[in-house]
Every structure is written in structure tokens, then in C-alpha cells.
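See structure below.
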Amino acid sequence: MKAYRAALLRFTDDGSAVYDEDGLLLIGPGPDGRQRVRAAGSWSALSGNFPGVAVEHLPGRLLAPGFIDLHVHFPQTDVIGSPAEGLLPWLENYTFPHEARFADPAYAQGVAQIFLDELLRHGVTTPLTFATSHPASVDALMTQAQARGMRLVAGKVLQDRHSPDGVRDETEQSLVDTEALIRRWHGTDRLGYAITPRFAPSCTEAQLRGAGELASKYPDVWIQSHVAENRDEVRWARELFPEARSYLAIYDGFGLMRERAIYAHCIHFDDDDRALMRVTGAAAAVSPTSNLFLGSGFFDYEGARRVGFRYGLASDVGGGTSFSPFHTMLAAYCVGREGQTKPGVSLSPQHLWWQHTAGAAQALGLDGTIGNLQPGAEADFLVLDPKATPLLARKVANARNLDELLFSLIVLGDDRVVERVYVDGQAASPT
Ligand code: GUN
Ligand code: ZN
């Protein structure tokens, strides 16, 4: 067992923070041998309870849960910053041609390495990520994540139409490949599989039907896709599936909405769509840097709160512009202001941070396992240096309360703040 003494950030189930200015985090093996939080709380209350345990004192540092990225594309690591008129030309001109390169397993393996190292450097310990349509791209990523002891969920993209040669897959084979990958990877060490129809316009009815059948055969496998991101995309989906009530309802019609289904964007929704999210237990991956970069629109936080469905934050790299959760939280704050109907109603720094940690874990159905530092949780955590830059040091010195401290980090923070990253209780070092 090992104990860390520093400021400690955790969350309650309702999304507010629990903060110990002088805290203790005790890490040790759980019954399965995996490293877990054994105790967490104030130093004064807990320090007498563990005689003989080595304590590392980290003055001025903040212990916090590892961030969760609820939607990202590992093969788009090098697509970041590719400007286009909007989503559909961006896919056609940059993304599909780039993803075609992942037919080469060696190329996929190299990018998987860089992708995971970048995530960890920025303090992200669990991503839910798309691979490409090539099954070997999943193998490459899973192998690299396994070597790092990471909890990661990923899936082979399904796209059997409206996709160019090089990324388009074949209906029946794509479903056979998906099932083989589920059997190979889902539940292996800390890895999970996500059935991954790219978006309704890129999938035939037969492919979506097959994906839905797999989703009901493997109920604890995740589902991930895109929905209602861009107005042209919404129009196209409606033309292709005229019988569906809405774009989101297409997925419901194929059995692709349930707990552990994560839909990226969810911007152009009405309240019936929001209610469908709530009753099915699906969750939204809110991707504000992507939505701003591609000019897609603004997630309606007020609508999500009113109807009450789950959501969390995501980078959506390469539509998104940064792997940094700090940049994503700042963009989410700005987006939340854009949609606000009542003056003074803005997303609080505690709630922004929750959306990228405990809230994202809830969206994945992994609350209690990751995204928080309560006893029993897996030991994925960060040591943050709130004074990592001269400007942050000045700002943080003047912070009068937790909200001011967290907001300083959200606005001025980036990878420089992330001093150490612990994965399964071990300090991660880039390969
Ligand atoms: N819709 C379908 N594919 C994609 C993708 O790769 N990125 C984004 N942002 N939207 C999509
Ligand atoms: Zn995406």
C-alpha cells in the first residue's frame, strides 16, 4: 500500500466536488489484484489509521481523478486542425483519405502509440474511441493500451456505404469482424469493446440491423456513434431514412439505444429526442472544441438539464482541436454561456470538471470504477501542479475558494499542469 498527501479532489453523485485542502489518498491492491483506492479523505481524519504505510507528501499539489474522454478518434490524431466548410466536406477531403492509411497495421500501431501517449500526457486515463473500419486498427490500439495497463473502450468503424474505397467495409464481413473483436477484446484486462456504426448515413439498413443484433446479444458491450452534429448531415440522414421520426430515432429503430450507448454531439435535437435519450439510458458525448471548429452548432445544456439525460465531455479529436481536458472544459463553458436563457446561469467549474470525470464515468456505466477517487475505485489518478506556469501561480495564489481554483486551471491550464499520471496505481511514463 502507498499513501499520498496533497490537496484532494473528488465528486459526489450529484456532480458537486468534495475537496480536502490537506488530503490523503491510500492506494493498494483490491481482491482482484488491481490497484484501487483504499481510503480517501482529510489527512487529519485518516492519517492515524494506517501505521507503517509509506506516505509521499506532495505539498502544493492537487490529486484528482484521471480524466475520461467520452468520444475521440485515435486515427484522427494527425487530422487535427484541418479546416473545412463543414462536417461533410471535412470527412470527404481529410478524414476518409487519412483513415484509409490504417489498412497498414504497422502504421496503425505507430499512431496508436502516439495517441495513447498524448492522452496520458494530458491526464486522460480512459478514452472511448473510434478506430477505423480496418479490424487490425482495433488490434493495434488494444495491444498498446493493454501494454500500458489502461482502461480503454474502442471499436471497429462500421461504414458500408457512402464511403470511398479504402475505408468502406462489406456488410456481412463487417459484422463477423465486429463479433470476433468483441470476443477477443471485450473484458480482456481493462479493455472494452464498442459497436461503432460511424453514423446512420454511412451504414445500410442491413448493417445497422446487424449492429443492433450484436448490441442485444452482448448487453455489456458499448455502442458509439454520431448524431445531429451538423444541419446538412441531419438533412441527409432524414432523406435516407424517411420513415424515422428523427435522426436519433433511426438508431432507436435498430435497437442501438440503451445504457452504454454514447452518441457524439446531440446538437440539433428536439425535446422528443432528449426524452428518447433519457428513457433509453443513452448518453451524449459533448464535444465543444469540435463543434466550434467545424461550425456545427452549440450543445443545448439547458435542454439536457430540463429533460434530464446523461452527458459528459469529449475532445472529438480530429474534429476537436485539442487532447487537453482543460481546453475542452473551457470550450464547454463558452458553449454553455451561448445557449443560456437566463442571465447568470453558467456552467460551474465543479460541474465542468465532473463532466470530464465522474459524470463521464456515469455516462459509460462505470461509476464507482473510474472517474472518481472514492474507496473501491480503480487507481487512475493525477498529480496536478496548479502553479505550473507563472501566470497560473499568480492566479492560483489569489484564489479564494475551490471554484476560483478550478476555474483558474480550466482557463489557464493545459498539459503543463499534469505533473504525473497514475494508471492502475503505477506512474505512467511515455514509451
Ligand atoms: N460523423 C461521421 N464521422 C465523423 C467523424 O469522424 N467525426 C465527426 N466529428 N463527425 C462524424
Ligand atoms: Zn467523432
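Numbers for the structure displayed
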| read-out | value |
| --- | --- |
| Residues of the range 162-181 that turn out to be assigned to a loop (DSSP other than H, G, I, E, B) and under 22 Å from residue 263 (Cβ atoms), as a count | 4 |
| Qualifying residues in the range 271-295 (those that are of a type in the set (Ser, Thr, Tyr) and without any contact (Cβ under 8 Å) to a residue 60 or more places away in the chain) - the one surrounded by the fewest Cβ atoms within 10 Å (Cβ to Cβ) | 280 |
| Candidates 213, 239, 229, filtered to the one that is buried (at least 17 other Cβ atoms within 10 Å of the Cβ) and either within 16 Å of ligand 2 (Cβ to nearest atom) or outside any strand (DSSP E or B) (or both) | 229 |
| Residue selected from the range 38-86 under the condition away from ligand 2 (no atom under 16 Å from the Cβ) and on the phi > 0 side of the Ramachandran plot, by the criterion surrounded by the fewest Cβ atoms within 10 Å (Cβ to Cβ) | 52 |
| Sole residue being buried (at least 21 other Cβ atoms within 10 Å of the Cβ) and not acidic (Asp, Glu), chosen from 361, 388, 399 | 361 |
| The range 262-277 - residue that is within 16 Å of ligand 1 (Cβ to nearest atom) and not in a loop (DSSP other than H, G, I, E, B) and, of those, nearest to residue 335 (Cα to Cα) | 265 |
| Any hit, the range 161-174, residues being more than 16 Å from ligand 1 (Cβ to nearest atom), crowded, with 21+ Cβ neighbours inside 10 Å and either under 27 Å from residue 288 (Cβ atoms) or at pLDDT 95 or above (or both) | no |
| All helices (runs of 4 or more DSSP H) inside the range 344-431 with 1 or more residues being hydroxyl-bearing (Ser, Thr, Tyr) and either modelled with pLDDT of 95 or more or within 20 Å of the chain's Cα centre (by Cα) (or both) | 402-412 |
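To keep it simple, each residue is scored yes or no on (1) at pLDDT 95 or above; (2) assigned to a helix (DSSP H, G or I).
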| position | (1), (2) |
| --- | --- |
| 279 | yes, yes |
| 284 | yes, no |
| 297 | yes, no |
| 302 | no, yes |
| 312 | yes, no |
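The values are calculated or read from the model by the stated rules, or taken from the named source; none is laboratory data. All values derive from a computational prediction rather than experimental measurement. Positions of Cβ are generated from backbone atoms using ideal geometry, with glycine treated the same way; all protein chains shown enter the neighbour counts.
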